[in-house]
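No lab work stands behind these numbers, since they all come straight from the coordinates. It should be emphasised that the depicted structure is a prediction, and the values quoted were computed from it without experimental measurement. Note that we place each Cβ from the backbone using ideal geometry, even for glycine, and neighbour counts take in every protein chain shown.
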Amino acid sequence: MVEVFPRCRSQEVPEDFEEVLRSGWSGVFDFLGQVGVGVIAGFEDLEISLLDDDEMARVHGEFLNDETTTDVITFAHGEILVGVEVAVRQAGEFGTRPDREVALYGIHGMLHLSGFDDGNPDEARKMVRKQEELLEAFFGDLFRSRRFF
C-alpha cells in the first residue's frame, strides 16, 4: 500500500489528485514488488510525501549534504519525498504538466528502490524509458482526460 502525505505549504495539492496518486502509485508499487527486484520487493507499505522547496532543501542538506532543492529523494527504508514546487517549475521548462511531473517523480523513486540507477547516461536512459512506460500504464488515460493543477 502507498500512503501519500501532502505537506507542501506553498502549493495546494487537490484531494482528488492525492487519491489519483495513491491509486496510480499503488499500482506501480504492486507491479514492481511482484517483479521482485531491489528492496521494494520486501516492503508492504511505501510512504510518499509531497514537499515544498524549503523542506526538500532541508532534507537534501541533512541527508545528502546538498542544501539545494531537488525533485525526488528516495530512502532505502521505503520513503520517497517529492518536490511539488520543482514539479511546477520543471513542467514549465519541459512543456509538460505539474501533475504529470509529480506522478513521474514518485515512479522515479520507486524505480530507485527497484535497483535502477541514473548515475550514468546508459542507465539513465533505461530508467527514463521504464518510468515513462509505468507512467503511461498507470496514469496515462487519466492525464489525457483530466488536469489537476
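Proximity of backbone amide H atoms, modeled 1.01 Å from N, is registered between residue 9 and 52 at under 5 Å, excluding neighbours fewer than 5 places apart on the same chain.
A simple rule links phi to the HN-Hα coupling: the Karplus curve 6.51 cos²θ - 1.76 cosθ + 1.60 with θ = phi - 60°, which for the range 121-129 gives x, 5, 5, 4, 5, 4, 5, 4, 4 Hz, with x for Gly and Pro. Here the Karplus relation 6.51 cos²θ - 1.76 cosθ + 1.60, evaluated at θ = phi - 60°, turns the backbone of the range 92-107 into coupling constants of x, 5, 8, x, 10, 10, x, 5, 5, 5, 4, 4, 4, 5, x, 5 Hz, with x for every Gly and Pro. Under the convention that each Lys and Arg Cβ holds +1 and each Asp and Glu Cβ holds -1, the size of the dipole of the chain around its Cα centre is about 500 debye. Spatial offset of the range 81-134 relative to the range 1-80 amounts to 12 Å, using the alpha carbon center of each. In sequence order, the range 26-38 has phi-based couplings of 5, x, 5, 4, 4, 4, 5, x, 5, 5, x, 10, x Hz under the Karplus curve 6.51 cos²θ - 1.76 cosθ + 1.60, θ = phi - 60°, and Gly or Pro positions carry x. Fewest-first ordering of 118, 53 by other beta carbons within 10 Å of each residue's beta carbon gives 118, 53.
Is it possible to state the helix-based mean residue ellipticity at 222 nm for the chain, with each DSSP H run of 4+ residues giving -39500 (n - 2.57), the sum divided by total residues, to the nearest 500 deg cm²/dmol? What is it?
-19000 deg cm²/dmol
Placing a label point 7 Å from the Cα of residue 126 along the Cα-to-Cβ direction, the residues of the range 1-39 whose backbone N falls under 18 Å of that point are 32-33, 35-39.
For the range 1-48, GluC sites (Glu not before Pro) are listed when DSSP marks them as loop and at most 14 other Cβ atoms sit within 10 Å of their Cβ; the list is 12, 44. Applying D = kT/(6 pi eta Rh) to the chain, where Rh is the Kirkwood radius over alpha-carbon pairs, T corresponds to 37 °C and eta to 0.692 mPa s, the Stokes-Einstein value obtained is 215 µm²/s. Ranking 82, 124, 108 by Cα position along the charge dipole of the range 2-145, where only Lys, Arg, Asp and Glu carry charges on their C-beta atoms, puts 124 farthest toward the positive end. Suppose the chain between residue 3 and residue 118 were pulled fully straight at 0.36 nm per residue; how much longer would it get relative to their current alpha carbon spacing? Additional length available on full extension: 38.9 nm. Using a Gaussian network model of the chain in which every pair of alpha carbons under 10 angstrom is joined by a spring, one finds that among 106, 33, 83 the greatest mean-square fluctuation is at 33.
Annotation: extensible slack from residue 90 through residue 19 equals 23.3 nm (criterion: 0.36 nm per residue apart, minus Cα-Cα distance).
If R0 equals 22 Å, the separation of the Cβ atoms of residue 146 and residue 45 corresponds to a calculated FRET efficiency of about 0.25.
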